[in-house]
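Input: one structure, supplied below.
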Ligand SMILES: Cc1ncc(COP(=O)(O)O)c(C=O)c1O
């Protein structure tokens with residue numbers, strides 16, 4: 001069978017990869033989905049398994065207990081929290097609510113932001129993270145680009161696909177500037193809990209009404225199939241517009257039940273942080289030693305790499321690795337990247353070592 005292109009697939013699209021390459025999806029070692037290798041925590045599994053009968057009921061339409069659990073976990077006020085069907089629903093609802101004529105998206109970035117801005121009738125300028133800065137954000141340059149004609153700024157922290165991050169001080173400076181210009185700021189913190197650094201903007205949500213922080217559970221809590229995300233914002237108008245637009249019960253009863261358990265499971269949370277932090281350090285060292293590849297520093301649970309070897313592209317490496325059922329993300333379709341960029345996430349130690357060895361073979 002002629003293979004279709006693997007491009008334009010979301011990192012987690014295992015079903016499509018399995019159809020294109022004829023591999024059983026359970027056999028794929030997925031370095032592309034950025035999901036915590038520890039899998040669903042036993043406490044969440046138990047809570048769901050013991051509550052299957054709840055499917056006969058509607059969830060609480062106001063999600064009071066779930067928002068309380070998220071408030072406990074994040075330190076935000078429960079009245080500032082809105083829950084959604086994955087962070088995807090909240091990204092969409094917030095952008096539709098702001099309905100920006102002009103937005104700035106720090107790029108390369110997750111593709112949904114641009115799609116949502118364009119679908120809501122606005123246009124977006126991409127603010128480039130530069131390769132010569134190792135993709136670290138130049139805050140002075142960004143601030144000088146945000147004028148009062150910009151209605152919305154979108155940033156992911158740590159950023160997908162670069163893994164680079166903003167510090168709290170930088171975020172505060174940015175928010176002060178943006179509030180003077182009446183610019184809303186959406187910070188996507190899907191990967192923030194994997195970071196060793198205190199870089200979350202949640203503590204700033206009480207202070208800045210122009211800030212919307214969006215978070216998911218798919219990656220850190222390893223439950224993309226559950227579809228649970230949340231947004232944090234102190235602007236009551238924004239919150240009530242989002243709630244008015246939102247379909248009722250978009251978070252199903254199992255996500256509602258599992259969510260109340262996962263945020264208090266400190267043993268799972270700590271094990272995840274320890275595993276990712278130590279494997280991130282080990283893999284970074286190993287990748288630095290690999291000839292033919294340049295690795296960027298990361299605070300996420302994935303690495304972005306540039307291929308230095310001249311006679312091989314990211315697509316060729318992707319094709320080589322998938323023959324061994326190893327799935328990585330060919331990052332060539334991200335804006336400002338090209339056919340020399342790869343992204344892969346951190347799995348368990350054994351799988352990570354396998355990937356490092358396979359990469360070494362491709363780069364020989
Ligand atoms: C940066 C970023 N934001 C949001 C999402 C969507 O996540 P969710 O499953 O919470 O909708 C992803 C998924 O890959 C992502 O990488």
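The values are calculated or read from the model by the stated rules, or taken from the named source; none is laboratory data. Note that this is a predicted model, so its numbers are computed, not measured. Backbone-built Cβ (ideal geometry, glycine too); neighbour counts: all protein chains shown.
For the structure I just gave you, tell me whether residue 66 is more than 24 Å from residue 300 (Cβ to Cβ) and within 16 Å of the ligand (Cβ to nearest atom).
yes
Let me ask another. Note down all Cβ pairs under 7 Å where the first residue falls in segment 219-235 and is free of Cβ contacts under 8 Å to residues at least 40 places away in the same chain, the second is part of a loop (DSSP other than H, G, I, E, B) and surrounded by fewer than 24 Cβ atoms within 10 Å (Cβ to Cβ), and they're at least six residues apart or on different chains.
Close Cβ pairs (under 7 Å, with a partner that is part of a loop (DSSP other than H, G, I, E, B) and surrounded by fewer than 24 Cβ atoms within 10 Å (Cβ to Cβ)) amount to 235/209.
Another one. For segment 222-253, how many residues are within 19 Å of the chain's Cα centre (by Cα) and farther than 19 Å from residue 78 by Cβ?
Residues in segment 222-253 being within 19 Å of the chain's Cα centre (by Cα) and farther than 19 Å from residue 78 by Cβ: 6 in total.
Then there's this: Would you check if residue 87 is without any contact (Cβ under 8 Å) to a residue 60 or more places away in the chain, within 13 Å of the ligand (Cβ to nearest atom) and in a helix (DSSP H, G or I)? Explain how you work it out, then say what you get.
On the way: without any contact (Cβ under 8 Å) to a residue 60 or more places away in the chain: no; within 13 Å of the ligand (Cβ to nearest atom): yes; in a helix (DSSP H, G or I): yes.
Considered against the rule, which asks whether it is without any contact (Cβ under 8 Å) to a residue 60 or more places away in the chain, within 13 Å of the ligand (Cβ to nearest atom) and in a helix (DSSP H, G or I), residue 87 comes out as no.
Surrounded by 14 or more Cβ atoms within 10 Å (Cβ to Cβ), within 16 Å of the ligand (Cβ to nearest atom) and under 19 Å from residue 245 (Cβ atoms): which single residue out of 111, 92 fits that description?
Of 111, 92, the one residue that is surrounded by 14 or more Cβ atoms within 10 Å (Cβ to Cβ), within 16 Å of the ligand (Cβ to nearest atom) and under 19 Å from residue 245 (Cβ atoms) is 92.
What residue, among those in segment 55-66 that are in a helix (DSSP H, G or I) and free of Cβ contacts under 8 Å to residues at least 40 places away in the same chain, is farthest from the chain's Cα centre (by Cα)?
Selected residue: 56.
State yes or no: is residue 143 under 27 Å from residue 277 (Cα atoms), in a helix (DSSP H, G or I) and more than 16 Å from the ligand (Cβ to nearest atom)? Let's see the steps before the verdict.
Values: under 27 Å from residue 277 (Cα atoms): no; in a helix (DSSP H, G or I): yes; more than 16 Å from the ligand (Cβ to nearest atom): yes.
Against the criterion (under 27 Å from residue 277 (Cα atoms), in a helix (DSSP H, G or I) and more than 16 Å from the ligand (Cβ to nearest atom)), residue 143 does not qualify.
Out of the residues in segment 195-227 that are outside any loop (DSSP other than H, G, I, E, B) and surrounded by fewer than 21 Cβ atoms within 10 Å (Cβ to Cβ), state the one that is nearest to the ligand (Cβ to nearest atom). Before you say what the answer is, go through the steps one by one.
Our first condition is that a residue be outside any loop (DSSP other than H, G, I, E, B); within segment 195-227, this holds for 202-204, 211-216.
Checking which are surrounded by fewer than 21 Cβ atoms within 10 Å (Cβ to Cβ) leaves us with 202-204.
Working: 202: 16, 203: 21, 204: 19 Å.
This residue is 202.
Which condition number in (1) away from the ligand (no atom under 16 Å from the Cβ); (2) part of a helix (DSSP H, G or I) is the one that residue 182 fails?
Residue 182 satisfies all of (1) away from the ligand (no atom under 16 Å from the Cβ); (2) part of a helix (DSSP H, G or I) except (2).
Of these, 187, 155, 176, 171, which one is within 13 Å of the ligand (Cβ to nearest atom), over 20 Å from residue 260 (Cα atoms), outside the structural domain of residue 306 (by TED's automatic domain parsing) and without any contact (Cβ under 8 Å) to a residue 40 or more places away in the chain?
187
Shifting gears a bit: Could you say whether any residue in segment 125-143 is crowded, with 21+ Cβ neighbours inside 10 Å, closer than 22 Å to residue 230 by Cβ and in contact with a strand residue (DSSP E or B) (Cβ under 9 Å, 6 or more places away or on another chain)?
no
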